[in-house]
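Enquirer: Following this message is one structure expressed as structure tokens.
The values are calculated or read from the model by the stated rules, or taken from the named source; none is laboratory data. Given the structure is predicted, the values throughout are model-derived calculations rather than measurements. Because the Cβ atoms are built from the backbone with ideal geometry, glycine has one as well, and the counts that use them run over all protein chains shown. Heavy atoms of the whole protein, side chains included, go into the accessibility calculation; ligands, DNA and RNA do not. Shrake-Rupley method; radii C 1.70, N 1.55, O 1.52, S 1.80 Å.
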Protein chains: 2
Amino acid sequence: MGDARETSESNIDVLIIGAGPAGLMAAASLAHLKVPFRIVDRRRTKIFTGQADGLQCRSLEIFDSLGFADRVWKEANHMIEICMWNPGPDGVIRRSDRIPDTIVGLSRFQQIVLHQGRIERFFLDNIDKYTEKKWGGVERGTLPESLEIGMTGEYPVKVVLRGLSDEEVEVKQVIVSGEKSVGNIGSDGLFRSNLGDAAEDEEEELIRQSKKRGGESEIVNTKYVIGCDGARSWTRRALGFELQGEATDFIWGVMDIIPITDFPDIRMRCAIHSANDGSLMVIPRENRLVRLYIQLKEVTPDASGRADRSKITPALIFGAAQKILRPYKIDYEYCDWWTAYQIGQRVGTSFSDDTNRVFLAGDAVHTHSPKAGQGMNVSMQDSYNLAWKVGLVAKGICKPSILSSYQSERRRVAKDLIEFDHKFARLFSGRPASDVMDAEGVSMEEFKDAFLKGNLFASGLSVNYGPSNLVVKPGNPAEQGDGSTRSSLLEGTPHNLTEEEFAKKQALASGLPVGMRFNSFKVLNQACARPWHLQERLKLDGRFRIVLFAGNILAPEQKQRVQTFCDKLDAPTSFLRRATPKDDKIDSVVEILTIHSAKRTETELLRDFPEILHPFDAHNGWDYNKVFVDDVSYHEGFGDAHTNYGVNKERGCVVAVRPDQYVGWIGELEDFEQLTNYFEGCLLLRDQA
Amino acid sequence: MGDARETSESNIDVLIIGAGPAGLMAAASLAHLKVPFRIVDRRRTKIFTGQADGLQCRSLEIFDSLGFADRVWKEANHMIEICMWNPGPDGVIRRSDRIPDTIVGLSRFQQIVLHQGRIERFFLDNIDKYTEKKWGGVERGTLPESLEIGMTGEYPVKVVLRGLSDEEVEVKQVIVSGEKSVGNIGSDGLFRSNLGDAAEDEEEELIRQSKKRGGESEIVNTKYVIGCDGARSWTRRALGFELQGEATDFIWGVMDIIPITDFPDIRMRCAIHSANDGSLMVIPRENRLVRLYIQLKEVTPDASGRADRSKITPALIFGAAQKILRPYKIDYEYCDWWTAYQIGQRVGTSFSDDTNRVFLAGDAVHTHSPKAGQGMNVSMQDSYNLAWKVGLVAKGICKPSILSSYQSERRRVAKDLIEFDHKFARLFSGRPASDVMDAEGVSMEEFKDAFLKGNLFASGLSVNYGPSNLVVKPGNPAEQGDGSTRSSLLEGTPHNLTEEEFAKKQALASGLPVGMRFNSFKVLNQACARPWHLQERLKLDGRFRIVLFAGNILAPEQKQRVQTFCDKLDAPTSFLRRATPKDDKIDSVVEILTIHSAKRTETELLRDFPEILHPFDAHNGWDYNKVFVDDVSYHEGFGDAHTNYGVNKERGCVVAVRPDQYVGWIGELEDFEQLTNYFEGCLLLRDQA
């Protein structure tokens, strides 16, 4: 071992490396699934200022599935409108357009802004709340030293971790002294940006130091590793994977300030193209702060393609902003944080090792420019996609083959993101065309179009996962455009749907595209009439769900259809019983939620619905929280769920929903065999007794 | 002193006795006002189960003004519908009516249910957050021993407090052993109920014991005492006041259980009159619990008017419930809490001492039956009404004469409550009439009418305070129906409005009755387009507010009216400047909020509004959070505030709002002198420099 001290050794289901938003999302997800995990991070504390800030609709829906969207919503600044400013014929900037920041009707949430440090705080509180034994928290000042993937045993991955001393853990933070004489120059984020000079082999140096002083190390044997350790990911390098892509010549500065300005839209999100001084984005934030993204036209990369960071100071950045905003004046007394970065887009060659034991998520597999407010969101969505799969496989609920869908689903999202960012950066950093004859300039119409498209993309709600054993739709799972072939995707996917067959099934719920997230509308609890956004009933707890649109339950023929469906579900040999561990409750692996369309006041839970839809428990009585009605509420309007989901009110349909709220399968009440096939494709079913 | 140890002595602005909901509301309010206070309670811990549970709309609005309505809303059970069950012609109970539990459109909140222990937890967290120096928390195991009201000095009230030992603080809790063989018999609340046998002189016994063992005591000199020490209030007895009223013969039991039942409306609020077995109320609660209020017809008071508590067991109570609910079956495995009480209504003879130094709130001055879900609400609303008055007088912001309005405002509410409860108890506990000829029975139509009226009353939103120096409307402040004459109410109230003059002013904002709470509709922030419920901008921080309905600010004539109004506000001798302490910000005593009716996108904050409406600060720039527009939002509809408030969109009006959100004065933009009079009536204005 070579170490001065004895090395301890222990087992854990999942080891998460890195406690930024992606790592914390993985940890929170596993906590909600009750899967044992550990999470380590080199840094001593969480982020306090600066860094990422934009939160997409989808991220808020995910936070809600964990139970803390309300805390974020309450503290955040809500960005409502985007104002586009362009040069007029006289070259002076003027407001040319206003568009809603979030597309209307897309989600029950809208895009908001809150700094990463608060998000991390909410994650930590949430993990603490959902961890069964008292959670020890993130193991900080801890670095992985080696990683070996074995082929056998319950815990085949061996990771050596090393604890750093307080001095070792201190990241060298170069403070650039401010040239501006008045005002507080905030924290410098440059050391973290891609213009910083932290070398990739810094970890190795730290490990050498620690070994030299006889520092502590330990062996962790684990089922799975999730590497969320950022753009310079140690885990990625340990796997021998790369980030592929290129840097551009565009250099941008970022400042979080409390502005003193006569610019009228300083509390709106603004995209400003000046005639000749570059572009600027305004992101209004919480606590009176405003973030400015400022193009630095005066700084250009050298022959090696890297910009000289010593030139970049707050005074230089702010000077550029003042020029762009002319004739409006802007100044500040307080600066909270600043940084600069060189725009570039890179994506990881692979998102996991060949045996699906070690996974990469977040910045470790995709980096791009921060302006679109995408980075933290896509990163968290990576690990939200991954963690329940890893967790359910570790628990023996799901087949290991579902793990291949992580790369096929998320690498394509990353590639789409990179592509969007590449195009957007060019349009935003380009000089605006002075007229239609100005071929070298950027057309402001084209920019607006890109912005609008980007707006949908940026919501996180356009994600549409391809076919796999988790998503039943036509197509070859092996051709998911992720650049890799993963034969295990095909295992246990006996779904050979033609486009025509699929279109018929999809038409049963045209508002719930298979492969996309389950949209949310309000329905009422049948037993108590309380309105719920349906998504509020799709919390992340590792359960798949069957949403039974039961149609008009008071029509005798329809009632019989529902009864027949429920009899099959309730049969001793049904997939539902076979998926459920022997002593667990019947809703512990797959939960059934019912939505019917009869009048609430004419319908009664116990009288009109088979018991499998509201299971009985000797201690708690019947379950009153699983059957809902699409009816008018007293105080919160009418969700009109059937119309919005495109489901027939009389006949209904059946929808299988993944634990992460994505639609996996749609069919008729009679398609019980296909429904069984879906769950056979992804769940480990017990043999019949 | 006679004590073995030396007695310490200290000063504090406000001493609160009792840390139930009323006491905690006083403490939270003072914390938000930054007024130093202490709060003591005899009990060792807060409530964990049972006790009060219903929360009115108004209580939720108040919680929101303190910042924690969201926590309550999230955890609570939402009661949506009331089902009335009455005997049919065959004598069997059947559902006769459904009505919404909260009147539609009354408030942005609806009535909900959450047990008192959680409310107390949220209060404690909130006080902690808003207390400037780290708050030591409630001083538990502490009892007042004597109280002297002096006439001079800054801290004229002298209270001796005594710390109890752990044994002394234990309340004797008689556990009644359950006769029911199956199931958990929960905590017994009988010792706290009015059937318990805790004697009124128990405190004196405890003090004797403490003195005997040489226990610690301390002297606290204070400006004000708020006694929230419950139905057997030590403070009330120290003042020599009484609760006046009578007990009825009606005895009711209460059980919090997880029911196992085929009764179809068990998750609704139900009022059930059986033909001959008594009445029952169902209150569905959080965590699958249901509270049953059960009439005990078999228990009657003895000659002394008191019921024999030894007869009352969970088996007796539950047996009565089972009879009332027949032919439906009900059972339980888990009981969380139970108690019983004898219905009675009592109100305190006076709510404060003659010098307005010692005040009583909550159960100390009114007791009644718990079924209407009123007790905790009215108690908290008492101290919410009182605490800001005491706090602002203690700080030297308000005139001491405003303190008399506490009794005139709240004693009338208490009397209305008592009267309602008296009538309701008779109707609910009475046998339903078998037909129209059954003169002795209770008409179910009459009961439903009372229920509907009670519903408005129970929202807490029908409260309408009479004239005083805080509420400008016609009438004699001394005749406020509270049974007392308080001449100081007349001091500094130079408002001699005729009914006719007042009607004209009231017509300027017909949806904002003077004396009632400021209703809430959504408006948009002019600078960032974010929708806010206006009430969200009326947080409790001790500030009065002027809501300036600025009308159509883009019409030149109207703009001039606004300019003239603002010039007067901004003048060095204006009441606004004279009310504001020299080095404080201009919005620190009276905040001005503006709502205009021009189109948002055509209006600009800095260009169109005088600076006094969005004050400048060298560090923070202009204030972007004070000017709102009544316009359509992208995602949250149209608040239509002018229509809802009954305000003319072109000309607007001016509304003075008290720190507790009650409307104090309404006038035209030209009525600056009357507005000045209003603030001269309640604020201490500095002499002109």
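Enquirer: Could you give the accessible area per residue of chain B, probe 1.4 Å, as a whole number in Å²?
Expert: Accessible surface, normalised per residue, equals 38 Å².
Enquirer: A follow-up question, please. Sort out for me the Cα centre separation of the stretch B:134-154 from the stretch A:624-689, rounded to whole Å.
Expert: Each part reduced to its Cα centre gives a spacing of 60 Å.
Enquirer: Moving to a separate point now. In percent, what relative contact order does the stretch B:494-682 have, based on Cα pairs under 8 Å that are 6 or more apart in sequence?
Expert: That works out to 36 percent.
Enquirer: Given axes a ≥ b ≥ c from the Cα gyration tensor, I'd like to know whether chain A is rounded (a/c under 1.5), prolate (a/b larger than b/c) or oblate.
Expert: oblate
Enquirer: Each residue of the stretch A:241-249 in turn: what ³J(HN,Hα) in whole Hz from Karplus with 6.51, -1.76, 1.60 and θ = phi - 60°, glycine and Pro shown as x?
Expert: Working through the residues one at a time gives 8, 10, 9, 10, x, 9, 8, 9, 8 Hz.
Enquirer: Restricting to Cα pairs below 8 Å that are 6+ residues apart, what does the relative contact order work out to for chain A? Please round to a whole percent.
Expert: Reported relative contact order: 14 percent.
Enquirer: Take the cross-link list A:223/A:395; B:505/B:599; A:223/A:539; A:74/A:129; A:522/B:448 and give me the ones stretching past 22 Å between alpha-carbons. Walk me through the numbers before you get to the answer.
Expert: Working: A:223/A:395 11 Å; B:505/B:599 27 Å; A:223/A:539 25 Å; A:74/A:129 20 Å; A:522/B:448 30 Å.
From the list (A:223/A:395; B:505/B:599; A:223/A:539; A:74/A:129; A:522/B:448), the Cα-Cα distance tops 22 Å for B:505/B:599; A:223/A:539; A:522/B:448.
Enquirer: Provide the per-residue ³J(HN,Hα) series for the stretch A:441-453, in order, calculated from phi with Karplus coefficients 6.51, -1.76, 1.60 and θ = phi - 60°, each as a whole number of Hz, with x at glycine and proline positions.
Expert: x, 8, 6, 5, 5, 4, 4, 5, 4, 4, 5, 5, 4
Enquirer: Under 1.5 on a/c is rounded, so check that first for the protein assembly as shown, then, if it is not, pick prolate when a/b is larger than b/c and oblate when it is not; a ≥ b ≥ c are the square roots of the alpha carbon gyration tensor eigenvalues. Don't skip to the answer; put the middle values down first.
Expert: On the way: a/c = 1.64, a/b = 1.24, b/c = 1.32.
It comes out oblate by the Cα gyration axes.
Enquirer: Taking residue A:154 in one copy and the same position in all the others, each labelled 7 Å out along Cα→Cβ, what are the pairwise distances from the first, in nm, shortest first?
Expert: Computed spacing set for this position: 6.9 nm.
Enquirer: For the stretch B:61-138, which trypsin sites (Lys or Arg not before Pro) are both in a DSSP coil and crowded by at most 15 other Cβ atoms within 10 Å?
Expert: Passing both the DSSP loop test and the Cβ count: B:133, B:134.
Enquirer: Long-range amide H contacts for residue A:530: which residues qualify at under 5 Å (H placed 1.01 Å from N, peptide plane, sequence gap of 5 or more or a different chain)?
Expert: When sequence neighbours closer than 5 places are left aside, the close amide H contacts are A:525.
Enquirer: Non-local amide H neighbours of residue A:16 (under 5 Å, H modeled in plane, Pro and chain starts lacking H): which ones?
Expert: A:38, A:39, A:40, A:226
Enquirer: Kindly flag which residue pairs out of A:473/A:568; B:34/B:158; A:568/A:626; B:453/B:626 have an alpha-carbon separation exceeding 26 Å in this structure.
Expert: Pairs exceeding the cut-off: B:453/B:626.
Enquirer: A drop of at least 50 square angstrom in accessible area, chain alone versus all protein chains together, probe 1.4 Å. Which residues of the stretch B:633-647 meet that?
Expert: Buried-area filter returns B:634, B:635.
Enquirer: Continuing with this model, one more query. So what is the relative contact order of the stretch B:588-689, in percent, for Cα pairs below 8 Å that sit 6 or more residues apart?
Expert: Relative contact order for the stretch B:588-689 comes out at 19 percent.
Enquirer: Here's something else I'd like to know. Heavy atoms only, probe 1.4 Å: what % of the accessible area of chain A goes to carbon and sulfur, would you let me know?
Expert: 48
Enquirer: Rounded, prolate or oblate for the stretch B:494-682? Axes are the square roots of the Cα gyration tensor eigenvalues, ordered a ≥ b ≥ c, and the cut-off for rounded is a/c under 1.5.
Expert: rounded
Enquirer: For chain B, what does -39500 (n - 2.57) per DSSP helix run (n ≥ 4), summed and divided by total residues, give at 222 nm, in deg cm²/dmol to the nearest 500?
Expert: -8500 deg cm²/dmol
Enquirer: With just the Cα atoms defining each centre, how far is the stretch B:205-226 from the stretch A:408-454? Give it in Å.
Expert: 74
Enquirer: If amide H atoms are built 1.01 Å from N in the plane of the peptide, which residues on other chains or at least 5 residues away come under 5 Å of the amide H of residue B:332?
Expert: Hits under the 5 Å cutoff: B:260.
Enquirer: So, one more: Between the stretch A:328-362 and the stretch B:312-386, what is the separation of their alpha carbon centroids in Å?
Expert: 58
Enquirer: Between residue A:135 and residue A:643, with labels modelled 7 Å along Cα→Cβ, what's the label distance in nm to one decimal, could you check?
Expert: The modelled label-to-label distance comes out at 4.2 nm.
Enquirer: Can you compute 3J(HN,Hα) from phi for each residue in the stretch A:615-621, using the Karplus curve 6.51 cos²θ - 1.76 cosθ + 1.60 with θ = phi - 60°, rounded to whole Hz and x for Gly and Pro?
Expert: So the J values, rounded to whole Hz, are x, 8, 9, 4, 8, 9, x.
Enquirer: Can I ask one more? Provide the solvent-accessible area of residue A:268, counting protein heavy atoms only and rolling a 1.4 Å probe, rounded to the nearest 10 Å².
Expert: 10
Enquirer: Now for a separate question. Looking at chain B, send over the antiparallel percent of its DSSP beta bridges, to the nearest 5.
Expert: Roughly 70 percent of the beta bridges in chain B run antiparallel, per DSSP.
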